Each structure stands twice: as structure tokens, then as C-alpha cells.
Amino acid sequence: MSETVRLNCSCEDKGNRIDKFISDNIAELTRSAVQNIIEAEAVEVDGKTAAKNYKIRGGEEIVVNIPDPQPMDAIPENIPLEIIYEDNDLLVVNKPKGMVVHPAHGNYTGTLVNALLYHCGDSLSGINGVIRPGIVHRIDKNTSGLLIVAKNDAAHIHLAEQIKAHSFTREYEAIACGYFREYEGTVDAPIGRHKTDRKKMCVTAENSRNAVTHYSVIRQYGGYAHVSLRLETGRTHQIRVHLAYIGHSVLGDDVYGKPYKGLEGQCLHARKIGFIHPTTGEYLEFTSELPKYFSAMLDKLEKM
């Protein structure tokens with residue numbers, strides 16, 4: 001069924017492009033999907049059809065008529081992949097920032113799954129269906145770094161059990177806002193869906209699941225900090241929610257913090273991944289160098 005969503009703009013939104021504003025407030029729509037909806041004249045600003053280059057003034061009501069979802073069938077696409085490791089059971093991929101993991105409403109192509117289908121053919125686990133073949137766990141679109149992919153169902157089940165048992169190593173690095181008084185700490189706070197904002201998760205006791213994040217400060221830069229984080233659990237947006245909860249939102253996180261000029265999305269990188277191989281029983285661990293956008297931001301902070 002098609003859906004109509006009404007959004008109210010505030011003074012804080014003034015100057016934002018309408019496509020960015022809508023994609024920031026409707027979780028399932030990417031910016032490119034919003035642009036297509038605007039071109040189809042399905043977006044109104046105060047009762048008038050919106051122009052694609054419209055900029056928010058503040059105080060408007062925006063009505064978005066989301067079209068009926070089209071049947072999805074992920075198709076192979078020849079998209080370059082940075083494969084860190086591969087064998088008959090699994091792959092470890094270094095996902096670039098800006099790439100969506102799997103197709104979803106408004107974002108059918110250009111995803112990691114499309115690239116995997118081209119590279120692996122039919123050699124991907126089918127547990128998560130045709131839209132998410134091989135996907136054992138996910139990282140956000142604007143989070144870069146390591147992600148494991150299962151080539152068969154047996155490997156998928158084995159790896160998923162490790163994640164459930166919290167024996168799966170996942171370490172991240174981030175640039176967080178604010179000065180940390182404690183150089184090490186643990187955030188143990190349950191996470192659930194936000195009551196009023198469907199795009200967001202939050203720390204809440206209602207309809208939530210336990211979530212634990214361990215952090216340590218690598219270096220402080222005045223009003224920012226380079227931090228290392230280890231996930232004990234893996235909830236949606238966990239690091240972003242937990243850091244915001246303790247007053248240190250991830251730099252550039254425009255959902256749980258605020259945008260940062262020149263940075264598209266949050267400065268968060270999945271640096272290390274470790275697991276027991278589902279066939280050999282050997283513990284494998286892989287690391288990924290910080291990407292250019294992250295290193296460039298550290299250099300900028302160093303000079304401030």
C-alpha cells in the first residue's frame with residue numbers, strides 16, 4: 001500500500017535541501033529515492049508541489065506520498081569489492097562508507113548484496129531470503145569497515161550463533177564529540193525503537209533489548225576524541241545511540257547528534273572482526289586500516 005507521511009520543519013532545518021531533509025526523517029528512503037519521488041511530483045510543501053532544489057525555510061509542512069513498493073529481486077551488479085578474506089564458506093568484506101548493505105524500499109541497486117551476487121553467483125547462504133543472501137550482520141550505510149558474509153547455510157548458522165553468544169569480536173573506531181573525563185568505560189543501557197521518531201533507536205526500558213558497549217579513548221582533541229569501541233551486543237545503531245546517550249555523539253551523526261560541515265554522515269569505522277571459522281574451528285581475526293575520510297578528519301583535528 002502507498003503511504004503518506006507529513007513532516008513539520010523547524011527553524012533548525014532552515015537551509016537544508018528538501019531531499020536531504022526528507023531522507024533524514026524517513027528511515028526507509030534514501031536521498032536518491034526521495035529525489036525520484038520529488039521528480040514524480042509526489043511531494044508537497046504547504047500544499048504546493050515541491051521543486052527538487054527547494055531549501056527549507058522553517059515552519060513548513062511537507063507531505064510525502066511514498067509510492068507502492070515494487071517487487072524486489074536483488075540482481076547481480078559489477079561493483080568493485082574490497083575482499084579481505086575468502087574461502088568456500090565465507091567472505092570478509094571491507095564496506096566503503098556510503099554503500100547500503102542490502103536492497104530495501106527506495107534503494108534497489110548499488111548495494112553490497114548486488115555486488116556479492118555478481119562476485120559469488122549462487123554461492124551465498126539463503127537463510128535471509130533473496131534480498132539479503134549471505135548477510136549475517138549489518139553495518140549502517142555511512143559506517144565503513146569490515147563485515148562477514150556467509151556462502152552457505154551451515155556457515156551462516158554457525159556465525160550467527162557466535163554473534164548471539166557474544167563470542168564474535170567486533171571493534172570499531174569513532175570520532176566522538178566532547179571531552180571524556182574517563183578514558184575507559186562501559187555503557188550498559190537497553191536499546192529499543194523510539195516512540196515517536198520511527199527512524200531512531202533510543203535507550204529505553206520499554207520493548208527493548210539489553211545492549212553493552214565498551215569504550216576507551218585513544219586520544220583527545222580539545223572538544224573531540226578518537227575512541228575505540230568494542231561491542232558486547234549488536235543492536236541497531238548501538239554505538240551511535242550509546243555514545244549520544246552519554247553525551248558524546250559520533251561526529252557527523254545527523255540522527256543522534258548533528259551534521260558536520262564537509263562530512264557526509266558519521267565518522268565511524270568497523271576496524272576489527274574476529275570469529276571461529278565454521279568448518280576449521282580456527283579463530284580468525286582481521287583488521288582494516290582507517291579510511292581516508294577518517295584519517296583526514298583526525299589530521300584536521302590535530303591542526304585545530
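The values are calculated or read from the model by the stated rules, or taken from the named source; none is laboratory data. Just so it is clear, the model here is predicted, and its values are computed rather than measured. With ideal geometry, Cβ positions are generated from the backbone for all residues, glycine too; neighbour counts draw on all protein chains shown. Side chains are part of the model used for accessible areas, which takes the heavy atoms of the whole protein and leaves out ligands, DNA and RNA. Shrake-Rupley method; radii C 1.70, N 1.55, O 1.52, S 1.80 Å.
Okay, here's what the table says:
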quantity	calculated
Max mean-square fluctuation residue, GNM over the chain, Cα-Cα springs under 10 Å, options ARG17, ARG181, ARG209	ARG181
Heavy-atom accessible area per residue - the chain, 1.4 Å, Å²	51
Surface accessible to a 1.4 Å probe, ARG235 within the full protein complex, Å²	50
Most fluctuating residue given options LEU284, LEU159, LEU91, as computed from a GNM of the chain linking Cα atoms under 10 Å	LEU284
Net charge of neighbours whose Cβ lies under 15 Å from the Cβ of GLU232, counting Lys and Arg as +1 and Asp and Glu as -1	+3
Beta bridges by DSSP in the chain, antiparallel share as percent, to the nearest 5	95
Gaussian network model of the chain, springs between alpha carbon atoms under 10 Å - residue of CYS177, CYS120, CYS11 with greatest fluctuation	CYS11
Charge dipole of the chain about the Cα centre (unit charges at C-beta), most positive-ward option of CYS120, THR109, LEU298	LEU298
Length-normalised contact order of region 243-304 in % [C-alpha pairs under 8 Å, at least 6 apart]	19
Computed magnitude of the charge dipole of the chain (debye, nearest 20; Cβ of K, R +1, Cβ of D, E -1)	860
Per-selection metrics, the chain (Cα): Rg and Dmax in Å	20.1, 62
Distance-filtered residues of region 226-261 - backbone nitrogen under 16 Å, label point 7 angstrom along LYS300 Cα→Cβ	226, 250-254, 258-261
Helix-only [θ]222 nm of the chain, DSSP H runs n ≥ 4, -39500 (n - 2.57) each, per residue, nearest 500	-5500 deg cm²/dmol
Where ILE79, ILE218 fall by accessible area, highest first, once all protein chains stay in place (1.4 Å)	ILE218, ILE79
Solvent exposure, largest accessible area first (probe 1.4 Å, DNA, RNA and ligands not counted), of SER32, SER228, SER288	SER32, SER228, SER288
Set of region 224-252 residues, backbone N closer than 17 Å to the point 7 Å along the Cα-Cβ line of ARG193	235-238
Peptides 252-258, 111-117 ordered by average Cβ neighbours within 10 Å, highest first	111-117, 252-258
Centre separation in Å (Cα based) which lies between region 244-278 and region 31-94	21
Gained length - TYR283 relative to SER123, 0.36 nm times residue gap less alpha-carbon distance	55.3 nm
Amide N proximity, region 12-45 versus GLU264 label position 7 Å along Cα-to-Cβ, cut-off under 12 Å	31-32
Under 5 Å, built H, 5+ apart or other chain: amide partners of LEU90	LYS151
Loop-resident sites, region 179-224, for GluC sites (Glu not before Pro), counting at most 11 other Cβ within 10 Å (DSSP)	GLU182, GLU206
Which of THR287, ILE66, ASN16, positive extreme of dipole for the chain (C-beta unit charges)	ASN16
Simple spin-label estimate for THR186 and SER167 in nanometres, 7 Å along Cα-Cβ	2.0
Loop-resident sites, region 250-294, for trypsin sites (Lys or Arg not before Pro), counting at most 14 other Cβ within 10 Å (DSSP)	LYS261
